[in-house]
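Read through the structure below, which is laid out as structure tokens, and then see the notes.
The values are calculated or read from the model by the stated rules, or taken from the named source; none is laboratory data. The shown structure was predicted, so the numbers you read here are calculated from the model rather than taken from an experiment. No Cβ is skipped: glycine too gets one built from the backbone with ideal geometry, and neighbour counts run over all protein chains shown. When the accessible area is computed, the model is the full protein with side chains, heavy atoms only, and any ligands, DNA or RNA have been set aside. Shrake-Rupley method; radii C 1.70, N 1.55, O 1.52, S 1.80 Å.
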Amino acid sequence: AGGGQFCTNPGVVVMIDGKDTQRFIDAAVSSLAAVGAQTMLTEGIASAYRTGRDRMAGKAGVAARFTSSCEQRDATPYLLATTGETWLANDSLGEEVFGPLGLIVTVKDQGELLQVAHSLAGQITCTIHMDEGDSAAARSLLPVVERKAGRVLFNGFPTGVEVCEAMVHGGPYPASTNFGATSVGTMAIRRFVRPVSYQNLPAELMPPDLR
């Protein structure tokens, strides 16, 4: 959506390697092949996308699963894949590429999955895809990702937001508790509020909320 220009674009997929790994990659490639070029917000953003894409694709241990070409302000999808071992050995793989680029990280087991989760920098969102058989694995993963992200989703995709008191748009602490960092939810109105302090104000003149 939006040429990957949503700030919650799910750019990294971490999955335990198994019989469904290639099926997932094939399905992703098939879907991406049907996506045409989209216009980026600015030429600078488009240029930065191509630079970031080439930097990521050029890393040792990273393989291209779907490639495309784009120029000027156009952006087209790019899908890369690597292993958990490579990810853990290269911090730069966690750096954001703003645009329609995805990186699949296949890990050996639940232990390596947790290592990758611990290595994440602050995120706006993290999603856990699971079924009933994954409850134990999800239970061990949740305490990690809830400290990495301001929104934790289950079996869903950002950026679905609802204007409600429970919604916040921010990364890990302290951003998720800072109303100045949220653009959605009822707390967002505080971004436009100017605080005023009163000194030695007679009680009868106090605003009702302070009485």
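So the values come out like this:
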read-out	value
Every residue from the stretch 69-80 that is over 17 Å from ASN9 (Cα atoms) and either free of Cβ contacts under 8 Å to residues at least 12 places away in the same chain or part of a strand (DSSP E or B) (or both)	SER69, GLU71, ASP74
Leading residue by the ranking (most open to solvent (accessible area, probe 1.4 Å)) among those in the stretch 41-68 that are part of a strand (DSSP E or B) and free of Cβ contacts under 8 Å to residues at least 24 places away in the same chain	ALA64
Flag if PHE6 is open to solvent by 40 Å² or more (accessible area, probe 1.4 Å), assigned to a loop (DSSP other than H, G, I, E, B) and not aliphatic (A, V, I, L, M)	yes
Residue tally, condition under 16 Å from the mean Cα position of the chain (by Cα) and closer than 18 Å to ALA1 by Cα, over the stretch 78-120	9
Candidate set from the stretch 9-40 (those that are in a loop (DSSP other than H, G, I, E, B) and of a type in the set (Asp, Glu)); member that is least open to solvent (accessible area, probe 1.4 Å)	ASP20
Any chance GLY94 is closer than 30 Å to ALA137 by Cα, open to solvent by 40 Å² or more (accessible area, probe 1.4 Å) and small (Gly, Ala, Ser)	yes
Positions within the stretch 69-90 being open to solvent by 50 Å² or more (accessible area, probe 1.4 Å), at pLDDT below 95 and more than 24 Å from PRO158 (Cα to Cα), in sequence order	SER69, GLU71, GLN72, ARG73
